[in-house]
Amino acid sequence: MVEAGLPDAPHRSPKGLRHGFGINATVNGVPLHMVRKWMGHAQLSTTAIYADAVGKEEQDIAAKMWG
């Protein structure tokens, strides 16, 4: 993560990166079934949490994680 230039923050972890990816993909219009496949979720309901994270606050948090 240091080599990738991700700022030091509580979310700078594999889990934070994974969640940031899911939110970023959803915010950018990637269909949930594709996000589900890419993240390896068995159930679409697991992936649906990223669809709920598209409000302004969540987008701001995701933007901080992605630079």
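The values are calculated or read from the model by the stated rules, or taken from the named source; none is laboratory data. This one's a predicted model, so the numbers in the text were calculated from it and none came from an experiment. Positions of Cβ are generated from backbone atoms using ideal geometry, with glycine treated the same way; all protein chains shown enter the neighbour counts. All accessible areas refer to the heavy atoms of the entire protein, side chains included, with ligands and DNA or RNA removed. Shrake-Rupley method; radii C 1.70, N 1.55, O 1.52, S 1.80 Å.
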(request) For the stretch 32-41, take each phi angle, set θ = phi - 60°, evaluate the Karplus expression 6.51 cos²θ - 1.76 cosθ + 1.60, and give the result in whole Hz per residue in order, putting x for glycine and proline. (result) 4, 5, 6, 4, 4, 5, 5, 8, x, 6
(request) Averaging sequence separations of C-alpha pairs under 8 Å and six or more residues apart, then dividing by the length of the chain, give the relative contact order as a whole percent. (result) 39 percent
(request) Under a cut-off of 23 Å between alpha-carbon atoms, report the lysines in cross-link reach of LYS56, not counting same-chain residues fewer than 8 places apart. (result) LYS15, LYS64
(request) Please calculate the 1.4 Å probe accessible area of LYS15, with all protein chains present, and give it to the nearest 10 Å². (result) 140 Å²
(message) Which one, ALA51, ALA42, ALA25, has the greatest fluctuation when you compute a Gaussian network model over the chain with C-alpha springs under 10 angstrom?
(response) ALA42
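From the helices alone, meaning DSSP H stretches of at least four residues, give me the mean residue ellipticity at 222 nm for the chain, per-run term -39500 (n - 2.57), in deg cm²/dmol to the nearest 500.
On the way: 4 runs with 40 residues, N = 67.
Computed mean residue ellipticity for the chain: -17500 deg cm²/dmol.
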(request) Consider the candidate values [x] 1.05; [y] 0.97; [z] 1.10; state which one is Cα Rg over 2.2 N^0.38 Å computed from the structure displayed. (result) [z]
(request) Evaluate the distance, in nm, between pseudo-label points positioned 7 Å from the Cα of ARG12 and of LYS37 along their respective Cα→Cβ axes. (result) 3.4 nm
(message) Taking θ = phi - 60°, what integer Hz values does the Karplus form 6.51 cos²θ - 1.76 cosθ + 1.60 yield along the stretch 45-50, in sequence order, with x for Gly and Pro?
(response) 4, 5, 6, 4, 4, 6
